[in-house]
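First up is the structure itself, then whatever we jot down about it.
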Ligand SMILES: C[S@@+](CC[C@H](N)C(=O)[O-])C[C@H]1O[C@@H](n2cnc3c(N)ncnc32)[C@H](O)[C@@H]1O
């Protein structure tokens, strides 16, 4: 029988993926920031409101939202990985953000401590084994008329910042399916919400209406220099996951993969740094008022 729980992805996010996010935090947050900022710039979050930040990670967007809401408002970050929540809680305290708080929960199945005026997610909704259940749970946590803004990656072909490396690695490293390994993995993956038809159907079934998709494209710096770009590609995204899940064979092939990625990235240099395109959907929807 299929295992629809998130136990395996949750362990992955709390261990191997958390460690890699810490290591490449600067590349990741700079890369994701522009997409999230555009989504937040057009979100009418008012002073005194309560906003849930879904899959908040290190809590960068939670702190941005907390600033928008003023001292009477509340920005609440939720993540399934206790390590991310510990880091976000510590950094919010260091920043003196008394109106930001965080808790650990699986958004697919646990109480989200609503009601909220709005929910927001910057790339925090693509990793659920049962996305329909998670969207329904988010809808239930909103006040009548409340809205969700979520940023998700569009199709992989328009995201060369991680897909180009994936294509190179797929040709060189044997791909081990999630069901054929004992190793933890990130769940459905970054492109699981790329299709507007499927996503809007799930949102409607979950109780959302007025659903819109706005495309946003920008270039992402994937490394300040060639070494960082290659290390990032071999650690994270679909390419990094293929190498990791291939185990000893992935390790053995590292030198050849590294050389192939250097050749690929040589075409994407701007001075020392390496850049590639990215593309997201900013999805907006609300529950009945
Ligand atoms: C790509 S990261 C994005 C983090 C953050 N929103 C950002 O933009 O920096 C995805 C986040 O979703 C969280 N996540 C994955 N599955 C989850 C679940 N079932 N419930 C809650 N959070 C989840 C992960 O732990 C991770 O922090």
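The values are calculated or read from the model by the stated rules, or taken from the named source; none is laboratory data. All of these numbers come straight from a predicted model, not from anything done at the bench. Please note: Cβ atoms are built from the backbone with ideal geometry, for glycine as well, and neighbour counts cover all protein chains shown.
Name the residue, out of 111, 99, that is at pLDDT 95 or above and within 15 Å of the ligand (Cβ to nearest atom). It is 111. The lone criterion from (1) more than 17 Å from residue 152 (Cβ to Cβ); (2) within 13 Å of the ligand (Cβ to nearest atom); (3) surrounded by fewer than 19 Cβ atoms within 10 Å (Cβ to Cβ) left unmet by residue 48 is number (2).
Listed here are the residues, each with its yes/no results for (1) in contact (Cβ under 8 Å) with a residue 24 or more places away in the chain; (2) farther than 27 Å from residue 229 by Cα; (3) within 9 Å of the ligand (Cβ to nearest atom).
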| residue | (1), (2), (3) |
| --- | --- |
| 25 | yes, no, yes |
| 36 | yes, no, yes |
| 39 | yes, no, no |
| 68 | yes, yes, no |
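Of the residues in segment 119-134, none is closer than 23 Å to residue 48 by Cβ and more than 15 Å from the ligand (Cβ to nearest atom).
Looking only at residues of segment 203-220 that are surrounded by fewer than 18 Cβ atoms within 10 Å (Cβ to Cβ) and in contact with a helix residue (DSSP H, G or I) (Cβ under 7 Å, 6 or more places away or on another chain), we find that the one that is nearest to residue 246 (Cα to Cα) is 218. Among the residues of segment 259-275, is any within 28 Å of residue 192 (Cα to Cα) and within 23 Å of the chain's Cα centre (by Cα)? Yes, there is a match, as at least one residue in segment 259-275 is within 28 Å of residue 192 (Cα to Cα) and within 23 Å of the chain's Cα centre (by Cα).
Against the test of being surrounded by 20 or more Cβ atoms within 10 Å (Cβ to Cβ) and over 26 Å from residue 80 (Cα atoms), the options 199, 168, 151, 173 yield a single qualifying residue, 173. None of 57, 31 is within 11 Å of the ligand (Cβ to nearest atom) and in contact with a helix residue (DSSP H, G or I) (Cβ under 6 Å, 6 or more places away or on another chain) except 57.
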